[in-house]
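The values are calculated or read from the model by the stated rules, or taken from the named source; none is laboratory data. As the structure is a computational prediction, the values presented were derived from the model and not from experiment. In this analysis, Cβ positions are derived from the backbone assuming ideal geometry, glycine residues included, and neighbour counts consider all displayed protein chains. Calculation scope for accessible area: heavy atoms of the full protein, side chains included, ligands and nucleic acids excluded. Shrake-Rupley method; radii C 1.70, N 1.55, O 1.52, S 1.80 Å.
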Amino acid sequence: MRGRHLDAYSAYKRVASKDHINAYDREESSVGLVNAKGIGNPSWRRSLPHMLVATLSSFLFGYHLGVVNETLDSISMDLGFSGNPLAKGLVVSTCLGAAFFGSIFSGWILDGVGHRRAFQLCALPMIIGASMSATTKSLWGMLLGRIFVGTGMGIGPPVAAIYVSEISPAFIRGTFGSFTQIATCLGLMGSLFIGLPAKDIVGWWRVCFWVSTVPAAVLAVCMEFCAESPQWLFKRGRGTEAEAEFEKLLGAAHVKFAIAELSKSDRGDELEAVKFSELLYGRHFKMVFIGSTIFALQQLSGINAVFYFSSTVFKSFGVPSDLANICVGIANLSGSVVAMILMDKLGRKVLLLGSFSGMAVAMGLQVTGASSYASGSGALSLSVGGMLLFVLMFSLGAGPVPSLLLSEILPGRIRAKAMSVCMAVHWVINFFVGLLFLPLLEQIGPIVLYTIFATFCLLAVIFVKRNVVETKGKSLQEIEIALIPPQ
């Protein structure tokens with residue numbers, strides 16, 4: 001059966017040509033029009049509760065990213081490592097390192113046990129790890145708890161992105177996909193506000209960790225009542241169960257059409273095990289390369305350096321860290337809400353291009369603010385304004401789009417494992433950007449460093465322009481057929 005396929009990347013590039021897209025659209029038009037005229041779009045209300053439960057994993061992801069921001073000083077004093085910067089760094093970095101390993105295995109977990117069980121396996125280490133961190137009396141107990149939490153954090157994002165894309169109606173998939181980014185923002189802001197009393201109340205940091213066990217437990221329990229991905233069931237040869245889940249998600253009137261769509265994209269090799277070598281140098285390598293590059297450029301833009309160290313920059317201008325974190329959180333949440341509204345109107349590619357372009361401009365403002373051409377209030381306005389604009393522009397596209405886009409363009413057979421590889425790249429770059437930002441800031445200065453970040457933003461614009469095609473409004477099966485047509 002594999003001989004029937006064209007090279008994945010060649011097909012992907014060819015779909016960008018107008019003739020190929022038009023030919024495919026003409027072929028599909030009769031079926032699409034009959035479906036649209038006969039029964040219209042399925043109700044988004046059916047899949048909404050399932051999507052909201054899934055985004056709890058994104059909320060937890062954001063919460064645990066930010067939970068140590070306000071509490072780290074209190075934790076270090078209570079556990080006896082307040083004068084040890086290395087230990088403080090380990091409390092943060094062990095979580096990121098564990099997330100890398102969690103993301104690597106997430107694809108194999110998802111393919112093996114399904115989406116619902118994968119979410120529960122994401123929640124379980126978060127409950128265990130948060131409980132260990134909340135009750136520990138030593139640094140080693142805290143680090144072990146952070147390792148458990150990080151493992152869950154690594155499993156969650158790729159599973160959530162794929163699950164939401166597979167249960168959402170095509171006409172609103174972009175909007176639903178944006179909810180994962182909004183949930184992450186809410187988690188970050190929630191950890192900020194819950195952590196505020198930590199400086200005044202002894203032992204409050206333990207409460208911050210205990211709080212996170214509640215949404216994790218809700219996620220694990222509610223997933224028992226959520227729909228399994230019909231695509232995953234169909235891929236396993238469980239067609240009857242897939243029909244039942246489609247009825248739950250879309251309504252009875254749309255079941256036959258949805259199953260027909262799945263059947264059209266079935267190439268006969270769905271049950272074959274996906275080898276890791278296929279993702280690294282097989283026929284799907286270029287697709288994985290595109291996804292990994294988008295995530296790498298997202299991180300090389302410097303966004304997490306801004307998130308991790310924004311308070312340091314604000315402090316240099318006399319702005320309190322609490323106010324700085326609140327401003328960054330509001331900018332991030334505001335952009336994510338706007339992205340949710342525009343995702344299915346403007347499309348993924350337009351938002352990515354606009355987002356990375358705006359981020360480059362924002363970095364340019366920060367370069368100007370750090371230069372000798374600006375001083376006093378002018379430097380403050382350019383640096384702080386540029387940083388907030390950078391976060392806002394990121395949340396409009398570069399934040400929510402990559403995981404959604406990859407869950408759409410990756411073929412169903414390799415989707416889970418390929419997404420896990422791309423997310424692993426994300427975590428590696430994330431780790432090194434966070435590790436090297438402050439040393440580089442001291443060695444080469446803000447002007448050169450921010451210029452490097454702006455250059456990566458511009459490279460991202462070029463890469464997206466040349467390699468990304470629009471996917472809005474199309475079902476996952478339509479996208480897969482268009483990108484990898486049979487010979």
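Quick notes on this structure:
- Those helices (runs of 4 or more DSSP H) of the stretch 379-487 in which 3 or more residues are hydrophobic (A, V, I, L, M, F, W, C) and in contact with a Pro (Cβ under 8 Å, 6 or more places away or on another chain) occupy 415-467.
- Some residue of the stretch 194-213 being among the hydrophobic types (A, V, I, L, M, F, W, C), buried (at least 23 other Cβ atoms within 10 Å of the Cβ) and outside any helix (DSSP H, G or I): no
- Among (1) closer than 17 Å to R348 by Cα; (2) open to solvent by 20 Å² or more (accessible area, probe 1.4 Å) - the single one V464 does not satisfy: (2)
- Looking only at the stretch 374-383, and only at residues there that are at pLDDT 75 or above and surrounded by 17 or more Cβ atoms within 10 Å (Cβ to Cβ), the one that is farthest from the chain's Cα centre (by Cα): L382
- The requirement of being within 28 Å of I172 (Cα to Cα), touching a helix residue (DSSP H, G or I) at 6+ places or on another chain (Cβ under 9 Å) and surrounded by 19 or more Cβ atoms within 10 Å (Cβ to Cβ) is fulfilled nowhere in the stretch 362-373; no residue meets it.
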